[in-house]
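Participant: Have a look at the structure that comes next, please.
The values are calculated or read from the model by the stated rules, or taken from the named source; none is laboratory data. These numbers come from a predicted model, not from an experiment. Every residue, glycine among them, receives a Cβ derived from its backbone with ideal geometry; neighbour counts consider all protein chains shown.
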């Protein structure tokens, strides 16, 4: 677990990639597209915890449609900077059978987590499953990973990033922008 002093050093060395204002504009565009496509489908917005909580909260107030909200907690990182096998912590409580589902997460990196959650929704009988991510990391997807999200806010280079829901070793999710970690802090 990083100490407060280490976190101060990490943030001092980090590079801002996208400001809060840039992110707000990107979320506005995403929300407009999502509303246009899902407004008549009574969607379930499925937040992927913990990283997807910031984007989900920001989207909810911008979506102009009747919807329900639930969450799933599945992770590959567990406060580390490298992913491993998917661990399910919580499944959604809303019945997904016959529903349109929008899975909302912070970042599309290797795509394994989102691919497995989307398959879970399909296995539960969802009639339509879409995905939304704030960040698409420009990188090669892992074998079996989701290639692209249906709705993407911004794209970033292939660096470890934090802020706006994305963490650095369990911290810095609340940073009001998206920052790239310096190589020495990865």
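Participant: I'm checking my understanding of the structure. Among residues of region 25-56 that are without any contact (Cβ under 8 Å) to a residue 40 or more places away in the chain and over 15 Å from the mean Cα position of the chain (by Cα), which one is farthest from residue 115 (Cα to Cα)?
Facilitator: 25
Participant: Please give the number of the condition residue 148 fails out of (1) touching a helix residue (DSSP H, G or I) at 6+ places or on another chain (Cβ under 7 Å); (2) in a loop (DSSP other than H, G, I, E, B); (3) touching a residue at least 40 places away in the same chain (Cβ under 8 Å).
Facilitator: Of everything listed in (1) touching a helix residue (DSSP H, G or I) at 6+ places or on another chain (Cβ under 7 Å); (2) in a loop (DSSP other than H, G, I, E, B); (3) touching a residue at least 40 places away in the same chain (Cβ under 8 Å), residue 148 misses just condition (1).
Participant: Restrict the check to region 134-147 and report whether at least one residue is under 26 Å from residue 94 (Cα atoms), modelled with pLDDT of 95 or more and surrounded by fewer than 21 Cβ atoms within 10 Å (Cβ to Cβ).
Facilitator: No, region 134-147 contains no residue that is under 26 Å from residue 94 (Cα atoms), modelled with pLDDT of 95 or more and surrounded by fewer than 21 Cβ atoms within 10 Å (Cβ to Cβ).
Participant: Sticking with this structure for a sec: Considering only region 96-104, I want to know if a residue exists there that is out of contact with any strand residue (DSSP E or B) (no Cβ under 8 Å at 6 or more places or on another chain), part of a loop (DSSP other than H, G, I, E, B) and modelled with pLDDT of 95 or more.
Facilitator: Within region 96-104, one or more residues are out of contact with any strand residue (DSSP E or B) (no Cβ under 8 Å at 6 or more places or on another chain), part of a loop (DSSP other than H, G, I, E, B) and modelled with pLDDT of 95 or more.
Participant: Might you check whether a residue that is assigned to a strand (DSSP E or B), buried (at least 23 other Cβ atoms within 10 Å of the Cβ), in contact with a helix residue (DSSP H, G or I) (Cβ under 8 Å, 6 or more places away or on another chain) and in contact (Cβ under 8 Å) with a residue 12 or more places away in the chain occurs anywhere in region 164-177?
Facilitator: Checking region 164-177: at least one residue is assigned to a strand (DSSP E or B), buried (at least 23 other Cβ atoms within 10 Å of the Cβ), in contact with a helix residue (DSSP H, G or I) (Cβ under 8 Å, 6 or more places away or on another chain) and in contact (Cβ under 8 Å) with a residue 12 or more places away in the chain.
Participant: What's the number of the only condition in (1) surrounded by fewer than 16 Cβ atoms within 10 Å (Cβ to Cβ); (2) modelled with pLDDT of 95 or more; (3) not in a helix (DSSP H, G or I) that residue 82 fails to meet?
Facilitator: Only one criterion in (1) surrounded by fewer than 16 Cβ atoms within 10 Å (Cβ to Cβ); (2) modelled with pLDDT of 95 or more; (3) not in a helix (DSSP H, G or I) is unmet by residue 82, namely (2).
Participant: What are the pairs, 6+ residues apart or on separate chains, where a residue within region 94-112 that is in contact (Cβ under 8 Å) with a residue 24 or more places away in the chain and at positive phi has its Cβ under 9 Å from a residue that is surrounded by 19 or more Cβ atoms within 10 Å (Cβ to Cβ) and in a loop (DSSP other than H, G, I, E, B)?
Facilitator: 98/126; 111/146; 111/149
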